[in-house]
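The values are calculated or read from the model by the stated rules, or taken from the named source; none is laboratory data. These numbers come from a predicted model, not from an experiment. Positions of Cβ are backbone-derived with ideal geometry, glycine not excepted, and every protein chain shown enters the neighbour counts.
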């Protein structure tokens, strides 16, 4: 699937990014090194990956995001991760809104040697984010932290 209308992407991005921010805001400094098992991705790494990945996808589309953090330099606090994500996700929406037309979404760009429609790259960005957001919710639960209901209510939400 791919986006064919800029407004469709922007609506999905608004919804997806606000839910991702809720998940990132549930992380705490004390639990940032939580991993499913030793040697796997931590909450810190996954959160920062979500905060820096939009710049990669935007770059494939010829958009440069000035608010993107350094993917190789993990922040020391959960607040920095959430703020970094919030900043880059807002900038992405602004750039796509101002610099893209529906025509851009059907035009092919080079995705590592593979011609790919811009709308498909934006769909992959959202799918990528959803995948890692799910990993984070598992780690939040494993760490004993609150798990926000994103794609529906959590067990705790239903017990209220």
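Tabulated data for the structure shown
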quantity: Test: residue in the stretch 125-143 that is out of contact with any strand residue (DSSP E or B) (no Cβ under 9 Å at 6 or more places or on another chain), at pLDDT 95 or above, over 16 Å from residue 19 (Cβ atoms) and outside any helix (DSSP H, G or I); calculated: yes
quantity: First in the stretch 98-120 and closer than 19 Å to residue 7 by Cα, second anywhere and at pLDDT below 95 and part of a helix (DSSP H, G or I), Cβ under 6 Å, 6 or more apart; calculated: 118/104
quantity: Subset of the stretch 106-124 that is in a helix (DSSP H, G or I) and under 20 Å from the mean Cα position of the chain (by Cα) - its residue that is farthest from residue 12 (Cα to Cα); calculated: 118
quantity: Residue match in the stretch 52-63 (condition: under 10 Å from the mean Cα position of the chain (by Cα), buried (at least 22 other Cβ atoms within 10 Å of the Cβ) and within 12 Å of residue 136 (Cα to Cα)); calculated: no
quantity: Within the stretch 67-82, considering residues that are part of a helix (DSSP H, G or I) and crowded, with 18+ Cβ neighbours inside 10 Å, the one farthest from the chain's Cα centre (by Cα); calculated: 78
quantity: Residues of the stretch 1-40 that turn out to be surrounded by 15 or more Cβ atoms within 10 Å (Cβ to Cβ) and not in a helix (DSSP H, G or I), as a count; calculated: 8
quantity: Residue match in the stretch 150-157 (condition: touching a residue at least 40 places away in the same chain (Cβ under 8 Å) and closer than 24 Å to residue 30 by Cβ); calculated: yes
